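Data first, discussion second: the structure below is written as structure tokens.
What follows is calculated from the coordinates using simple rules that are stated; it is not laboratory data. Computed from a predicted model, the values in this text were never measured in an experiment. Cβ coordinates were reconstructed from backbone atoms using ideal geometry, including for glycine residues, and neighbour counts include every protein chain displayed.
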Amino acid sequence: MRSIWKGTISFGLVSIPVRLYPATGRQDVRFNLLHKKCHGRLNYRRFCPQCEEEVPHEETVRGYEYEPDRYVIIEDSDIENLSGQQNRQIELVSFVRLAEIDPVYYDRTYHVIPENLGRKPYALLAQAMDEAARVGIGRFSLRKKPHLVALRIKGDGLLVETMFYHDEVRALDVTDSGAGEVEVHPKERQMAVQLIQNLSEAFQPEQYDNTYRDRLMSFIEGKIEGREVAIAPDKREDEVIDLMEALQRSLEDSERVASDGGGL
């Protein structure tokens, strides 16, 4: 796998040469958009209606529309100059507790791998962060875009999490849900807590399969082979209106699964 960024992590006067590698990758089933009449694959063109011609990529520029149809042109060099040292450096500016970061701020995850000359300071930083139980907060630029990042421990190594800025996280007043105005009977709350406890277990990500993708691929393979493929509807339990009845039945189901030695 090729690295997507090469630079340094700096904290204080210590610099650690590292590379970043994607830690995740979507496994979605991809489709092409076709012409319904002939099944020809559709192409997308950069077309300029003013010049009435197709425009090659090398003739495109970035423009910020400040008034209708009026633009400020931004060159690649402008972006690079504005990002400055952040192009090749993750500068850690503070350290916080992991629990203090709401997961809504996380965007993408990258493995941080040290260069040979950076192995000792990398190990030093990882061990110090682990002992202090802290996460590093810093900034850097990836693909000419500045990012806020969290540097955290995973095993013996480090991960970088790109983060949304505060003004990019959409706030929603919890009072909008009306939850605070609803009266919950203590017995209902007690049963709900018991249900949560019955369904609690250690997080094991490998046990959660992408069942939709598996069903979709089976359906596609069946169509390729010329078979008629019927999709069975999901089973729907009889609707339960009474909340206490729903909780009671759920508790009974969870206890039965637990006694059978099953899991989620």
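The table below gives the values:
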| item | result |
| --- | --- |
| For the chain, calculated [θ]222 nm from helices alone, where every DSSP H run of n ≥ 4 adds -39500 (n - 2.57) | -8000 deg cm²/dmol |
| Distant-in-sequence amide H partners of Val135 (H built 1.01 Å from N, under 5 Å) | Val96, Arg97, Leu98 |
| Residue among Asp28, Asp242, Asp107 with the largest mean-square fluctuation in a Gaussian network model of the chain, springs linking Cα atoms under 10 Å | Asp242 |
| Residues with amide H under 5 Å from that of Leu142, placed H, sequence gap 5 or more | His147 |
| The stretch 43-149 - Rg (one decimal) and Dmax (whole number), Cα, Å | 20.5, 63 |
| Per-residue ³J(HN,Hα) for the stretch 55-67, Karplus 6.51 cos²θ - 1.76 cosθ + 1.60, θ = phi - 60°, Hz, x for Gly and Pro | 10, x, 4, 5, 9, 9, 9, 7, x, 9, 7, 9, 9 |
| Cut-off 9 Å between beta-carbons: net charge of the residues surrounding Glu161, Lys and Arg +1, Asp and Glu -1 | +1 |
| Residue-by-residue Karplus 3J(HN,Hα) for the stretch 123-132, coefficients 6.51, -1.76, 1.60, Hz, glycine and proline x | 5, 4, 4, 4, 5, 5, 5, 5, 5, 7 |
| Cysteines not pairable in the chain (beta carbon separation under 4.7 Å absent) | Cys38 |
| Radius, Kirkwood style, for the chain when every pair of distinct Cα atoms is counted (Å) | 24.9 Å |
